[in-house]
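Since the structure comes first, as structure tokens, the remarks are kept for the end.
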Amino acid sequence: MYPYEPAVLPLDGIDWAAHVPLIGKANASLARYDGMLQGIVNPVVFLSPLTTQEAVLSSRIEGTQASMEEVLEFEAQAIEPEDTSKTADIQEIINYRAAIAQAILDNRPLCLNMLKDLHATLLNSVRGRNKAPGEFRRVQNYIGPPGCTMETATFVPPAVDRMVSALDNWEKYLHYEERDRLVQLAVIKAQFELIHPFLDGNGRIGRMLVPLFLYEKGLLSSPVFYLSAYFEQHRDIYYTHLQAISKEGAWNGWIEFFLTAVYEQANNNAEKVRGVLALYEKMKIEVSKATHSEYGIRALDALFSKPIFRASDFALSSTIPTRQTAATILRRLQKERIIKTLRPASGRRSAVLAFPSLINLVEGRRVL
């Protein structure tokens, strides 16, 4: 199989007329979702469980098996999986989320150097850590079943010299004034993954590009957008369209798929955010009644930002002034079954507690 020959961007074969209906629907649905984000104080923190779920699903596409609640329990030091592969999966998910947080904190324009920094964070101390973290590849690679050769591979990325020039063209296109930003993002994401500039982690970096690009170009007021659920649900179609680009230059099929993904997932994201907001309003009343405390809202905000936690950390995370007051609030929340014990206190080990209503809502099923 010959290496993929990247198309020069901007593309000249986009069927703009055919995409107009989906362009309108996807942009409108994204705008409605962003309207909800603008009504939330600090959505990055308030919606952090959804961000963790995005990291879980994006990593799952690459083969990890850990769930959101396992990640949160691990971070709360509630579990240490006996299966070392599960621990490795959890760390990959934590790294994915850390890379997104790093990009938000840096708040610098998207560029190749930024992607290398995100890649270094993504592969820090996990599978792929020996595959040049933070560096573009210097060798030819290929993708296929175990034991395959380059001749029998399912996909061969560009040769290194061609990769370098394609990345330069790709970076210029990042800042190009395309006719529609969502179509531009569709091209940017697919071209990056097909150039395959890293030895590992290209798919995850490609999916990170989605919220970061939408935020940078002003389509979102906060880089909080979750598309991996759609890609994970339609994984085979996702890869089929990418392969069709590499084999046939079938960009319009991919663009249609991507616009559909944005449209449907923006609606799903909005529904999920509405659910989180409704739960918060409901819990404001219930927590106030349960705690009879001026610090009830602080406690509630802490539960939403970190729904699995150690009791000993609660005073700090909730900014409640004293540990005694925080402990009293936790006891009252437990009594009313707003929070539950995952692991009781034992010796010097603090109890680990959970806020099941939020976790079950984000998962879309009862898990706690």
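The values are calculated or read from the model by the stated rules, or taken from the named source; none is laboratory data. Every value quoted in this text rests on a predicted model; they were computed, and no experiment measured them. Positions of Cβ are backbone-derived with ideal geometry, glycine not excepted, and every protein chain shown enters the neighbour counts.
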Check: Which number in (1) crowded, with 19+ Cβ neighbours inside 10 Å; (2) on the phi < 0 side of the Ramachandran plot marks the one condition that P146 misses?
Finding: (1)
Notebook entry, point to check: Among the numbered criteria (1) of a type in the set (D, E, K, R); (2) at pLDDT below 95; (3) in contact with a Leu (Cβ under 7 Å, 6 or more places away or on another chain), which single criterion is violated by D34?
Noted result: (2)
Next item on the list: Being surrounded by fewer than 22 Cβ atoms within 10 Å (Cβ to Cβ) and under 21 Å from L112 (Cβ atoms) narrows it down to one of F213, F155, F198, so name that one.
Entry: F213
Margin query: Could you tell me how many of the residues in segment 179-216 are of a type in the set (D, E, K, R), over 22 Å from D12 (Cβ atoms) and assigned to a loop (DSSP other than H, G, I, E, B)?
Written below: 1
Notebook entry, point to check: What do you reckon, is A55 in contact (Cβ under 8 Å) with a residue 40 or more places away in the chain and either over 18 Å from A302 (Cβ atoms) or not hydrophobic (A, V, I, L, M, F, W, C) (or both)?
Noted result: yes
Next item on the list: For segment 354-365, indicate whether the set of residues that are within 19 Å of the chain's Cα centre (by Cα), surrounded by fewer than 13 Cβ atoms within 10 Å (Cβ to Cβ) and assigned to a loop (DSSP other than H, G, I, E, B) is non-empty.
Entry: yes
